[in-house]
1. Which of the helices (runs of 4 or more DSSP H) contained wholly in region 1-105 include at least 1 residues that are more than 15 Å from the ligand (Cβ to nearest atom), touching a residue at least 24 places away in the same chain (Cβ under 8 Å) and in contact with an Asp or Glu (Cβ under 7 Å, 6 or more places away or on another chain)?
2. Restricting to region 207-234, give me the number of residues that are surrounded by 15 or more Cβ atoms within 10 Å (Cβ to Cβ) and more than 30 Å from Glu35 (Cα to Cα).
3. Which residue pairs have Cβ atoms closer than 6 Å, lie 6 or more positions apart in sequence or on different chains, and pair a first residue in region 209-223 that is touching a residue at least 24 places away in the same chain (Cβ under 8 Å) with a second residue that is in a loop (DSSP other than H, G, I, E, B) and among the small types (Gly, Ala, Ser)?
Amino acid sequence: MLTRCLQRTRWHVTDNMVEAATRWIAQAGVQAIRERGRFDLVLAGGKTPRAIYEKMTGVDADWPNWHIWFGDERCLPADDEERNSRMACQAWLDGSAIPAGQIHVIHAESGAEAAAEDYLRQLQGIGRFDLVLLGLGEDGHTASLFPGLMSADETADVIAVGQAPKPPTDRVSMSARRLSDTATVLFMVSGKNKRAAVQSWQNGTAIPAAYICPESGVDVLIAPECLKKSQIQL
Ligand code: 6PG
């Protein structure tokens, strides 16, 4: 399975991640709304997306048809600086014309188990996403799917995660299977501390990111500092 996924992974080196990702997201929105009248977008957490979300505030889109989901969340109070939803709301969503009822946060402040059950309920009746945004951690994790803690055979759509190596330990994550149930996936990878993880991924190592495998394959926007010099062709 991993070889099949790797063959469908397209690497796009960019020295302007913000511009490239913003354009990608906006374009995916236009296409989804044209094809089926709505756009189901799953957001990534972490630091890389903040500037991209900020840039989204300048995009002219059919916002009333956008539906926002979160790939993972950290079990912290709702207004904690480290919450993925807080970051996305501050950077973009709060000031947007996306109807509040279409911004589906993971209520991780209630604890991982309860929040995972609640998110499963929120996702009921929602089919294939249109675009899933993801980041890559230094150890190869994506969303809150960590090496040694995820199972490739996971059948649940949403998972309560304990003992995560990246703080906080308690988290909620969509599973690799649910994150792969999408028309398209876009990874946004930056920072030279990601080099080893990128190499492992490209070598076919079973890192969590490699298990995200929709039919259409995966696109990776990658900053030059994450690659060896010989791999960089802008
Ligand atoms: C989180 C994540 C996580 C993140 C990566 C990359 O909540 O921690 O969703 O998977 O996307 O760790 O994070 P950076 O962009 O900060 O490197």
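1. Those helices (runs of 4 or more DSSP H) span 17-36.
2. Within region 207-234, residues that are surrounded by 15 or more Cβ atoms within 10 Å (Cβ to Cβ) and more than 30 Å from Glu35 (Cα to Cα) number 6.
3. Partner pairs satisfying both residue conditions: Ala209/Gly140; Tyr211/Ala152; Ile212/Ser180; Cys213/Ser180; Pro214/Ser180; Ala223/Ser190.
Computed from the coordinates by the stated procedures, all read-outs in this text should not be read as laboratory data. Since this is a predicted model, take the numbers as computed values, not measurements. Neighbour counts run over all protein chains shown; Cβ positions are idealised from the backbone, glycine included.
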